[in-house]
Amino acid sequence: MASEHVVKSFEEELKRLHSLISRMGGIAESQLADAIRAVIERDSELAAEVVEGDPKVDELEREVDDLALKVLALRQPMAVDLRSILSALKIAAELERIADYATNVAKRSIALNQIPPVRPVHAIPRMGQVVKEMIKDVLDAYVTSDVDKAVRVWNRDEELDEMYSSLFRELLTYMMEDARNITAATHLLFIAKNIERIGDHATNIAETIYFQVKAVPLREARPKGDASSFTIVKPVAGAAK
């Protein structure tokens, strides 16, 4: 009977750990959606709500850490159970960073709302849609241990990188055409970079899911489409000073 009780308690602890990750993911997903909507709709009140909500994810991450360490110390899990606990620790850290980047987007949107709207903001909703789909799909993959879905998320990172590189070039050109655009374009660059980084963290979660299920790392080279580091934009003749 004692052995059965230990097994049941262990299973309940694992379920609680997975539940905490799901809650973290739900909040991070909501924070991201609201931050992007705040940019699109120029809604500073919504952005402020995103900023205020960030500590919720931090608190959940601490709960995951405490529970995972307790289980590791008391249960000494092996094989798939050990991978499950280690994966929860890693995924919690990734979700915390996703929420942080969503908060950064919200903060930038508040600053952006203080100045007139600029043309390149149209690219943000497209990037936002892709990254929201990545987060949703990777969280679904975690709940269902769906490796194929996780790999599809992993492959979408290149699409998001290419969108960021395209916007990066557009914003550089926009700034060079008229120096008065620099402030708004700089805020947009930071917003776009934060969204691109969220995609990277979703990709990290996908890799963790793959390892959790398969017990081997995803060894393929990660697809990358971010060429912003190598972008050169020629000065525009007669650009406003």
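Suppose we keep only residues that are over 14 Å from G128 (Cα atoms) and free of Cβ contacts under 8 Å to residues at least 40 places away in the same chain within the range 163-206. Which one would you say is nearest to the chain's Cα centre (by Cα)?
Among those that are over 14 Å from G128 (Cα atoms) and free of Cβ contacts under 8 Å to residues at least 40 places away in the same chain, it is T186.
Which residue, of E52, E41, E59, is free of Cβ contacts under 8 Å to residues at least 40 places away in the same chain, over 25 Å from T203 (Cα atoms) and under 19 Å from the mean Cα position of the chain (by Cα)?
E52
Condition check ((1) β-branched (V, I, T); (2) over 23 Å from I21 (Cβ atoms); (3) modelled with pLDDT of 95 or more) across all residues:
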site: Q114; (1), (2), (3): no, yes, no
site: V118; (1), (2), (3): yes, yes, no
site: Y142; (1), (2), (3): no, no, yes
site: K149; (1), (2), (3): no, no, yes
site: R152; (1), (2), (3): no, no, yes
site: L171; (1), (2), (3): no, yes, no
site: M176; (1), (2), (3): no, yes, no
site: T183; (1), (2), (3): yes, yes, no
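Among the numbered criteria (1) free of Cβ contacts under 8 Å to residues at least 12 places away in the same chain; (2) on the phi < 0 side of the Ramachandran plot, which one does A106 miss?
The failed condition is (1).
Give the residue, chosen from N181, N204, that is buried (at least 16 other Cβ atoms within 10 Å of the Cβ), among the polar types (S, T, N, Q) and closer than 30 Å to R83 by Cβ.
Of the residues listed, the single one that is buried (at least 16 other Cβ atoms within 10 Å of the Cβ), among the polar types (S, T, N, Q) and closer than 30 Å to R83 by Cβ is N204.
Residues being acidic (D, E), in contact (Cβ under 8 Å) with a residue 12 or more places away in the chain and more than 17 Å from E94 (Cβ to Cβ): count how many of those fall in the range 6-38.
So the count comes out to 2.
In the range 141-173, which residue that is assigned to a helix (DSSP H, G or I) and among the acidic types (D, E) is surrounded by the most Cβ atoms within 10 Å (Cβ to Cβ)?
The selected residue is D157.
What is the one condition in (1) farther than 29 Å from E12 by Cβ; (2) in contact with a helix residue (DSSP H, G or I) (Cβ under 8 Å, 6 or more places away or on another chain) that E45 does not satisfy?
With respect to (1) farther than 29 Å from E12 by Cβ; (2) in contact with a helix residue (DSSP H, G or I) (Cβ under 8 Å, 6 or more places away or on another chain), E45 is out only on (2).
Out of I115, I91, I135, I need the residue that is under 30 Å from A184 (Cβ atoms), surrounded by 21 or more Cβ atoms within 10 Å (Cβ to Cβ) and of a type in the set (A, V, I, L, M, F, W, C). Which one?
I135
Would you mind stating whether V71 is surrounded by 15 or more Cβ atoms within 10 Å (Cβ to Cβ) and within 22 Å of Q114 (Cα to Cα)?
no
The values are calculated or read from the model by the stated rules, or taken from the named source; none is laboratory data. None of these values were measured; they are calculated from a predicted model. No Cβ is skipped: glycine too gets one built from the backbone with ideal geometry, and neighbour counts run over all protein chains shown.
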